[in-house]
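The values are calculated or read from the model by the stated rules, or taken from the named source; none is laboratory data. Bear in mind the structure is a predicted one, so any value in this text is a computation, not a measurement. For neighbour counting, all protein chains shown are included, and Cβ atoms are generated from backbone atoms with ideal geometry for every residue, glycine included. Accessible surface is based on the protein model in full, side chains and every heavy atom, while ligands, DNA and RNA are left aside. Shrake-Rupley method; radii C 1.70, N 1.55, O 1.52, S 1.80 Å.
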Amino acid sequence: MKDTYRHIGMRQQLIDNLREKGIKEERVLEAMNQIPRHFFMDMAFEEHAYEDKPFSIGEDQTISQPFTVAFQTQLLEVQKRNKILEIGTGSGYQAAVLDKLGGRVFTIERIEKLHIKAKKVFEILGLKRIRPYFRDGHKGLLEMAPYDRILVTAGAPIVPEQLKLQLTIGGILVIPVGGIEGQKMLKILRVSETEFVEETHGNFRFVPFLEGTKSK
Ligand code: SAH
């Protein structure tokens, strides 16, 4: 696969489109402008990679819509060198965007095939800092905790308590919460050892956050 001038042109248009749709954080748009989304998708969808739509990545999962990636990333307020945990690697695209923003990214996927595929794309793109894990993300990744930022990219019925407890004080968790019919985007700030402040940011529709792992 190659990143051609045509891809670069289409990507620029997507970025303009996201700006028109209300994404204000230029750093986020710039990071997305630097990641070739088509590398994270099936060749069959290459022509569509820069449309603002989700696409199938196999295993009944999807690569999130670019607007959703931009929106979640913006809410996360990533600072350089933040330690970030992403749950739901999927294609790996979101993890790549977080890496571009200077985050130190740990990403967990419960489906082994997707985990392996994403790892390959990280290698191809030279994204050596990203640390992918194959496991169930419900309990977070305790051995590397705490995290400045935690991002969940699947729709969870409730906020797993374990994730909140793996935040640093001042850390931020962004998680879509609700059933399969749709989720509310929550942004949870840990203000002290025991206190959390919660905000709601609109409605979204993610694939479900599921228990357990699926091996090849
Ligand atoms: N961030 C991804 C979005 C993928 S969709 C991207 O940029 O492409 C959400 C992903 O979350 C799916 O791949 C799904 O398998 C995964 N997932 C769902 N429940 C999970 C869990 N408990 N632990 C880890 N990953 C999970």
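Data overview
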{"item": "Any hit, the stretch 181-189, residues being among the hydrophobic types (A, V, I, L, M, F, W, C), in contact (Cβ under 8 Å) with a residue 12 or more places away in the chain, away from the ligand (no atom under 16 Å from the Cβ) and under 20 Å from F67 (Cβ atoms)", "result": "yes"}
{"item": "Meets criteria (touching a strand residue (DSSP E or B) at 6+ places or on another chain (Cβ under 8 Å) and of a type in the set (D, E, K, R)) for R37", "result": "yes"}
{"item": "Residues of the stretch 15-57 classified as over 16 Å from Y5 (Cα atoms), of a type in the set (D, E) and modelled with pLDDT under 95, total", "result": "1"}
{"item": "Complete set of residues in the stretch 117-155 that are more than 11 Å from the ligand (Cβ to nearest atom), touching a residue at least 12 places away in the same chain (Cβ under 8 Å) and within 17 Å of D42 (Cα to Cα)", "result": "K119, F122, I124, L125"}
{"item": "Total residues in the stretch 83-111, condition more than 10 Å from the ligand (Cβ to nearest atom) and open to solvent by 20 Å² or more (accessible area, probe 1.4 Å)", "result": "3"}
{"item": "Residue in the stretch 94-110 that is in a loop (DSSP other than H, G, I, E, B) and among the polar types (S, T, N, Q) present", "result": "no"}
{"item": "Residue in the stretch 201-211 that is within 14 Å of the ligand (Cβ to nearest atom), loosely packed, with under 12 Cβ neighbours inside 10 Å and part of a loop (DSSP other than H, G, I, E, B) present", "result": "yes"}
